[in-house]
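Below is one structure; the comments refer to it alone.
The values are calculated or read from the model by the stated rules, or taken from the named source; none is laboratory data. Just so it is clear, the structure is predicted and the values come from calculations on it, not from any experiment. Using ideal geometry, Cβ is built from the backbone for each residue, glycine included, and neighbour counts are taken over all protein chains shown. Just so you know, the surface numbers come from the protein's heavy atoms only, side chains and all, with ligands and any DNA or RNA stripped out. Shrake-Rupley method; radii C 1.70, N 1.55, O 1.52, S 1.80 Å.
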Amino acid sequence: MTRQKLLFVALVAMAPMSVRAADPPGEKPAPVPGAAFVQRYCLSCHSAEKKRGDLDLSGFRDEATVVAGRKVWSNAIRAVRDGEMPPKGAPQPTADAREAFAEAVRGAFLRADAGKPRDPGRVTIRRLNRTEYNNTVRDLCHIEFEPADNFPADEPSHGFDNQGDALSLSPLLMERYLDAAEVVVARALAGKPAKPAERVGFAQFMVSGSKVPYRLYVFTSEPVAATFRIAADGEYLVRVEGKPVKKDDPAPEVSVIVDGKELKRVTFAFPEKGAYTRYEIPVALKQGNRRVSLRLLNPPAELEEKKAAYPPQVDANRDNRPGLELHAIDLVGPTDDEPESRRRILACDPKAQPREQAREILTRFADRAFRRPATAEEVDRYLKLYDRSLEAGQNFEAAIGTSLQAILVSPNFLFRVELDDRPQEKGSHPISEYQLASRLSYFLWSSMPDEALLPLAAKGELSKNLDAQVTRMLADDRSDALVENFAPQWLDIRDLARVTRGPQLDVRLRESMARETLLFCDEVLRKDRPITDFLDGRYTFLNERLARHYGLAQFGRDKRTAAPVPAHAFVRVELPADGPRAGVLTHASVLTMTSNPDRTSPVKRGTWILENVLASPTPPPPADVPPLEQAAAGTVKEPVTVRGRLELHRSKPGCAACHAKIDPLGFALERFDVLGQYRDKDGKAPVDDAAELSNGQKFQGTDGLRKVLLGKKDQFTKCLTEKMLTYALGRGLGDHDGPTVDAIVAAVAKDNYRFQRLIFEVVRSSPFTMRRGTKETPK
């Protein structure tokens, strides 16, 4: 059948405008908060007459106008607190006066926000980006296939590639969607046998958390276990092999346990034939990591009483103690003949008529593809396509496949469309339960809601169980997507694979650099560490290649087992307390991405910190500013070091203001070269990593920089909150999001800056769970 090509365009509403209500008649407006401070320290430069930095504070007449200009005054608070304003040479307020001004302005914001519902902002129609498409196809069709790798690249916006305003649909992309739908359905219905169970790790058994080799002597009830990664639901066989230590010993009785539940009890008699007695026990398992353990039920009493003295041992049982000689714990399968994808998609009532079977199959598939119940009209449309396919000579399965392809190119699958189910309401109100399920799953998993979220949404109970679901979803392997997609874009290391720095930066080193940062971020998430670890965490993850790159000679053996660490394996490494490395700022991935090909760049590194740590971006340089080398050329004594060239550059009019803010942060990282290796010299000159902020605060090197940044941890928390909220919402933030950001920052600070608290607060926030009424006037 000739496939019909679908082309459509999604339009989004215009960005909201800021509107200030008039003061109630007869009520005197509240004065500008901190008016005396502004008059004394600010208006001499920021008035209608001077307007330095294109900022005029004289137009703010009262508290209401200050609240309406929240972004301007939030920046003013930061500049005053950080000592950037007033500038050097101007009269300086005391520290108490700075703090009093900041609290006065914040107090105005709090009064304005008190008792008012927070504006949730606009809802955007969001096309699935390439990662989301691949993951959704995987979970919808139960196949391991990544068709979106052949799609055009997604255009990033606001730092991320999942922003609704930038995710357009070109004719080329629509053609790729049509091609992908055909291949996906063909693979899903033909299918390949599911992947076999995979043992996790380098050895077979685990005893008290340590991995040991294949043959094991067990003398007590201390359990031994092996962990397996299951790629697909299905029927499996637990295979165990063993025998008594000696032929005349009592036959060991063993409990076989899967994920904490006893599966069966078996007895290992001494084999009459063969080396070991084998048992194969059938069990139905779900995908994910599964743990199979054995416990000896009849250990010798004299050994059991002294259990700690008789642990399972690997070497030969020289004392000939009675017990179990365990040879294998294996998980075999899946044993089902039919591939999982085909079985799950085509499941239907075998007694029903073919057309009713088709209705059952298409309804279930469309419900999951659209992330909501498909309407009867929608299902009938796909049933009619099924009927026409039969009339054209296709068999039942091929006709179903044609309709499945049509579902996969529907706007309801390709886009996350959040229509207002209560358009008559003027004020903000909750989004639908199904929309909440999709927002949650694409935020944490970059994929569709699963079989736990959708039933809760159907019963209207997801919003009541939000915290429990976030906890469950963060524990799921699919939450790796949050680290893999959010962290590289926040830290701006996603393009590391395309960076060239000569032969030393080979593919393996680039991959190791990126992996270190992802594992670090994963550790902060999984262990619910404080987000300040990103700034000062004295640990990291290294393999042999990256450890050599860092010059860590002590690396190479696992501390728990003293066994050599394989060259490709990453292990957690505690960094020296007095060493130069801590947090992500000293990761080679970040340092490489913030360097030029042939030299370090304090400007890039300082700008990176301002944008990704302190949420204080600087404007781009003027178009007529020459490159650093060109600016230094022709001077009486051309500077040798990068720092020397920058000192000359920033002495020029028009450059000093921004570079006074940027350069000191970058200077502190000058002991790391273009690949993040530690150095003492820049060329032939000693490295100078001393720095001074525009407020006169002096510090040196990475240790001093960490102290400076930890002193601004609320500012860092705000930066990370804004980044994560942008990622979660799929849109840029506006002034109306300020109260939400402030509330999240306060909640995270109160919980000792725990990373998971940030995630929970984003999910609970008004922009994540609410929407504006269609008749509501944006504020």
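General remarks:
- Within the stretch 131-159, residues that are of a type in the set (D, E, K, R) have Cβ atoms under 7 Å from residues that are assigned to a helix (DSSP H, G or I) in these pairs: GLU132/TYR442; GLU144/ARG138; GLU146/ASN134; ASP154/ARG130; GLU155/ALA166, counting only partners at least 6 apart in sequence or on another chain.
- LYS261, sole failed condition from (1) closer than 21 Å to LEU216 by Cα; (2) loosely packed, with under 15 Cβ neighbours inside 10 Å; (3) basic (Lys, Arg): (1)
- Any hit, the stretch 585-596, residues being open to solvent by 20 Å² or more (accessible area, probe 1.4 Å), under 23 Å from VAL507 (Cβ atoms) and at pLDDT 90 or above: yes
- Positions within the stretch 179-230 being hydroxyl-bearing (Ser, Thr, Tyr) and modelled with pLDDT of 60 or more, in sequence order: TYR217, THR220, SER221, THR227
- When the stretch 88-105 is filtered for residues that are at pLDDT 80 or above and open to solvent by 20 Å² or more (accessible area, probe 1.4 Å), the ones remaining, listed by number, are ALA90, PRO91, GLN92, THR94, ASP96, ALA97, ARG98, GLU99, ALA100, GLU103, ALA104.
- Looking across the stretch 106-130, the residues that are at pLDDT 80 or above and open to solvent by 40 Å² or more (accessible area, probe 1.4 Å) come down to ARG106, ARG111, ARG122, VAL123, ILE125, ARG130.
- Scanning the stretch 324-353 for residues that are in a loop (DSSP other than H, G, I, E, B), modelled with pLDDT of 85 or more and open to solvent by 60 Å² or more (accessible area, probe 1.4 Å) yields ASP349, PRO350, LYS351, GLN353.
- Evaluating SER74 against the criteria (1) buried (at least 16 other Cβ atoms within 10 Å of the Cβ); (2) closer than 12 Å to VAL32 by Cα; (3) at pLDDT below 85 leaves one unmet condition, (2).
- Among (1) at pLDDT 90 or above; (2) under 17 Å from ARG515 (Cα atoms) - the single one HIS568 does not satisfy: (1)
- Only one entry of LEU414, LEU390 meets the criterion of being open to solvent by 60 Å² or more (accessible area, probe 1.4 Å) and either within 25 Å of PHE768 (Cβ to Cβ) or not hydroxyl-bearing (Ser, Thr, Tyr) (or both), and that entry is LEU390.
- Some residue of the stretch 142-163 being assigned to a helix (DSSP H, G or I) and under 19 Å from the mean Cα position of the chain (by Cα): no
- Lone qualifier among ALA48, ALA30 - being surrounded by 14 or more Cβ atoms within 10 Å (Cβ to Cβ), in the same structural domain as ALA90 (by TED's automatic domain parsing) and either on the phi > 0 side of the Ramachandran plot or small (Gly, Ala, Ser) (or both): ALA30
- For ARG364, the conditions (1) within 30 Å of LEU237 (Cβ to Cβ); (2) charged (D, E, K, R); (3) open to solvent by less than 70 Å² (accessible area, probe 1.4 Å); (4) outside the structural domain of PHE270 (by TED's automatic domain parsing) all hold with the exception of (3).
- Here LYS88 passes the criteria (1) out of contact with any helix residue (DSSP H, G or I) (no Cβ under 7 Å at 6 or more places or on another chain); (2) in a helix (DSSP H, G or I) except the one numbered (2).
- Residues within the stretch 732-759 that are closer than 25 Å to GLY427 by Cα, under 21 Å from the mean Cα position of the chain (by Cα) and assigned to a helix (DSSP H, G or I), tallied: 3
- Taking the stretch 725-755 as the range and being farther than 26 Å from ALA437 by Cβ and either of a type in the set (Ser, Thr, Tyr) or open to solvent by less than 10 Å² (accessible area, probe 1.4 Å) (or both) as the test, only TYR753 passes.
- Listed conditions (1) open to solvent by 60 Å² or more (accessible area, probe 1.4 Å); (2) closer than 23 Å to THR618 by Cβ; (3) in contact with a Lys or Arg (Cβ under 9 Å, 6 or more places away or on another chain) are all met by TYR678, apart from (2).
- Hits in the stretch 476-519 (condition: under 19 Å from PHE534 (Cβ atoms) and of a type in the set (Asp, Glu)): ASP480, GLU484, ASP492, GLU516
- Unmet criterion (only one of (1) among the hydrophobic types (A, V, I, L, M, F, W, C); (2) in a loop (DSSP other than H, G, I, E, B); (3) in contact with a helix residue (DSSP H, G or I) (Cβ under 8 Å, 6 or more places away or on another chain)) for ALA108: (2)
- Members of the stretch 674-721 found to be in a helix (DSSP H, G or I), hydroxyl-bearing (Ser, Thr, Tyr) and assigned by TED's automatic domain parsing to the domain that holds TYR550, listed by number: THR702
- Considering the conditions (1) aliphatic (A, V, I, L, M); (2) modelled with pLDDT of 95 or more; (3) open to solvent by 10 Å² or more (accessible area, probe 1.4 Å); (4) in contact with a helix residue (DSSP H, G or I) (Cβ under 8 Å, 6 or more places away or on another chain), LEU525 is excluded by exactly one of them, (3).
- Candidates in the stretch 537-554 are the residues that are among the hydroxyl-bearing types (Ser, Thr, Tyr) and not in a helix (DSSP H, G or I); of these, the one that is nearest to the chain's Cα centre (by Cα) is THR540.
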